[in-house]
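Below is one structure, written out as C-alpha cells; comments come after it.
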Amino acid sequence: MAYTFHISDISNPEAKAFLEYARSLKFVVIDEEEISLSQEQNEAIDEARISIKDNGGKPHKEVITQLKKKYPNAFRS
C-alpha cells in the first residue's frame with residue numbers, strides 16, 4: 001500500500017518538521033519531482049484566463065448540472 005501527500009507550502013515550519021521526520025524513517029521514500037507544463041499547456045491556460053476575463057465564467061452549479069446531463073454515469077447518486 002502506498003500513500004501520497006501533497007504539501008503546498010514547504011516553508012511552513014510544521015511541514016519542514018514533518019518532512020525531516022519522514023526522511024528519517026527507513027520505509028519512507030520521498031519523491032521530490034517538480035511538475036512542469038509544456039509551452040502548449042501554458043498557452044492553453046493563458047487563453048482560458050483571457051476568455052474568462054473577457055467573457056466571464058459560469059457558476060460551478062451550472063457546470064456540474066451540464067456535466068451530469070452529458071456524463072450521467074460519472075457521478076455518484
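The values are calculated or read from the model by the stated rules, or taken from the named source; none is laboratory data. Values in this document were obtained by computation on a predicted structure and should not be read as measured data. Using ideal geometry, Cβ is built from the backbone for each residue, glycine included, and neighbour counts are taken over all protein chains shown. Ligands, DNA and RNA are stripped out before the accessible areas are found, and what is left, the full protein with its side chains, is counted by its heavy atoms. Shrake-Rupley method; radii C 1.70, N 1.55, O 1.52, S 1.80 Å.
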- [ ] Please find, within segment 19-42, the residue that is nearest to ALA2 (Cα to Cα) out of those that are open to solvent by less than 100 Å² (accessible area, probe 1.4 Å) and not hydroxyl-bearing (Ser, Thr, Tyr).
- [x] VAL28
Task: Subset tally (residues that are farther than 30 Å from TYR3 by Cβ, at pLDDT 90 or above and either open to solvent by less than 90 Å² (accessible area, probe 1.4 Å) or not charged (D, E, K, R) (or both)) for segment 64-77 - done: 2
